[in-house]
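Bear in mind these aren't lab numbers, they're just calculated from the coordinates by the rules spelled out. Quantities reported herein were computed from a predicted structural model and do not represent experimental measurements. Heads up, the Cβs are rebuilt from the backbone with ideal geometry, glycines too, and the neighbour counts pull from every protein chain shown.
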Amino acid sequence: MANIQDKSESEWVRVLSEDGWTFIVPRKVAVASGTLKNTLSTGFAEAEAATCHVPHRGAIVEKVMEYLSYKTLYESAGPKEDIPEFSERIQPELALELLMAADYLET
Amino acid sequence: MESPNRSRLTRRRSGYGSDDLDASDDGDEGDQPKTKKAKLAKAALAKAKAKAKAKQKKKKGDASGSDDDDEDEYNALPIKNSRRITDLDDPTARPPIGSLEECAECHKEFTMTRYTVAADPGPGWLCHACAKAAGIDPFKKVAPRKRKAPTEKRKVVSYEDVERIPTLSGICIKVITQHLEDVEALGDIGVVSMNEILRVIAKARSLTAENSQLFYNVKNTTLTIYDATNLKPDALCALASLNPNLESLRLDYCGLIEGTAVEHWSNSLPHLKRIELLGPFLVRVPAWIKFFESKGPQLTSFLVTQSPRFDITCIESLVTQCPNLTELRLKEIGLMADSFLPHIAKLSDLTYLDLSRPKESLGDQAVVDLLAAIGGKLTHLDLSHNAFLSDVFLEDGVLPYTPVLTTLILSGLDDLTDRGVSKFFKAYRKEPPLIHADLSRCHELASDALTGLLDHSGRDLVELNINSWKDTSNDTLMTIASKASRLVRVDISWCREADDFVVKSLLDGCSSLAYIKCYGCNHVTDACPKKRGVNIYGVESHVAS
């Protein structure tokens, strides 16, 4: 039990894409996604290993991770602070797949 | 020699003509009359102010005037050479203007004025020269206390900027909408995914006339739009024009659809066979009739939920114009009544009939007559929330006249009794068995009805809903798994005797189970078993955590 506790406290988690890419991101960033948050919370094997599988290809998962970092960075921004548009970073050819990944990950 | 010099210097520095008020004895005499005059004028002003204040107080009816002194001592009438009793009690209280005090710093005697400042640290008062030496500007105006405007007290929030960062889905939809014209840029993603994307966009409630074009295609034969809230009649006409080969069309939340769009469809969708609409509130009778006339015998499915204007002339027209209907749903139709049923009885090919949730319940006898006429081919029957239907309609209608029924949905029929339903299932023909049975919220039903149902078609049941069969015994619930091993979806919510062991028996006994709903089952606890691939909804302890 103590072991699990330690792991869940650890700061980094691993996110795997379906084609074998690994993304190591801060836990704070990963839990900005509803799905990843639930998977990393109590009781599942994913939580114990701090590893999540996302059934999308690497390029998409990378973009999602980029968005999650963007979200955690600007979430606490003050009302006067300028937030850059994320849409400029999305290549249109990724948009459809990214939309489905976004839906899956509840972001 | 020194003092005038210094005083001139300070005068130049501060610009005030009063720097040597108390030291004036050895200063030049020319200044004095001027300052005295000013002093007098000021005293007069103070007097006038005090008078006004006193008047105000009288108006208010406030008798205790001395309380005010701490706050407004500048306006108080000077009382010469005597202190008030209150002042004597309190050493920090300000002596009256005009009285002689000893300076706390240089111990000279000086006259109190309204500009005299307190020594820091106290107690005592500073003469004018010492105050200036300490770096305090005695003439510094006390900023008038600003009264807050009453509007400022109440913070009016006209809108709250809750989420400044848009969701990734939202951003993607925006990007897709921007690049709609550029099909190459978006890339081909296949039909299955298209449907999936339609779902996602509907979930985000952002399907618009512009981005819906992404899903239009001349080759489309079926189209499902899960959220047509933002599609105006024009957009719905465009939909028909851009998908001319549609055979099946389903629009959910199509509240904006009205007569013109339906009439446009009459002419522009030549192959339409199946139409499913949720919420076409604004369509009027003539538009419906014109639509039925234009589609005629080719229409096989007409599925409508919530249409308050659909009246008996519509159903007459539907029955005469479209005799080949096999699927009919008139759910939540405000004007539905027994008088509709003789017309529906002419649709002899019906396999699917849904007349649930009318405003006024249909009656037993009318439904029995209807089933006698068209029950022969029915496989799906939904008569939920017809409060007047009782055991009679089951026994006299469903029992003798529905030989091939596989889906029976009778939710919310309060008049059904445990005995009646159990008797019905005992007498009902066994083949084909029921696959989907929903008798939820029939509060009288309990163990006998469940035993009857499971004995009748348990072997083949895929979906079972016995929500709110509150008195069903634990023993009977335990038999579900063994008698209905093919179950995929089970709802045992509000069956008060369901417990962890019932859940366990279902998980063990039904190999293809997808979910169990057990809302309001207090005996199902956190300790209830879990199984990969099976969702258990409604466990109370899960909600709490």
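Things worth noting here:
- ³J(HN,Hα), Karplus 6.51/-1.76/1.60, whole Hz, each residue of segment B:98-107, x for Gly, Pro: x, 7, 8, 10, 9, 5, 6, 9, 9, 6
- In order along segment B:513-525, phi translates into HN-Hα couplings of 4, 10, 8, 10, 9, 9, 5, x, 9, 5, 7, 7, 10 Hz, rounded to whole numbers, per the Karplus curve 6.51 cos²θ - 1.76 cosθ + 1.60 with θ = phi - 60° and x for Gly and Pro.
- Within 10 Å of the Cβ of each residue in A:97-107, the mean number of Cβ atoms contributed by other protein chains is 6.
- For segment B:277-360, applying the loop criterion from DSSP together with a ceiling of 16 other beta carbons within 10 Å to the GluC sites (Glu not before Pro) yields B:GLU360.
- Extension gain, B:LYS203 to B:SER541: 0.36 nm times the residue separation minus the Cα-Cα distance gives 118.8 nm.
- Extended-chain gain in nm, criterion 0.36 nm per residue less alpha-carbon gap, B:SER99 and B:ARG486: 128.9 nm
- Over all other residues within a Cβ to Cβ distance under 15 Å of B:ASP508, the charged ones net out to +4, with Lys and Arg as +1 and Asp and Glu as -1.
- Spatial separation of Cα centroids for segment B:471-522 and segment B:274-331, in angstrom: 40
- Qualifying trypsin sites (Lys or Arg not before Pro) in segment B:480-545, DSSP loop, other Cβ atoms within 10 Å at most 13: B:LYS530, B:ARG532
- For residues of A:88-95, the mean tally of beta carbons on other chains within 10 Å: 6
- Each 5 Å bin from zero up to the one holding the largest Cα-Cα distance in segment A:2-105 carries the following percent of pairs: 2, 12, 22, 22, 18, 12, 7, 3, 1, 0.
- Links that overshoot a 30 Å alpha carbon limit, given the list B:LYS331/B:LYS483; B:LYS232/B:LYS331; B:LYS219/B:LYS517; B:LYS219/B:LYS290; A:LYS71/B:LYS517; B:LYS483/B:LYS517: B:LYS331/B:LYS483; B:LYS219/B:LYS517; A:LYS71/B:LYS517
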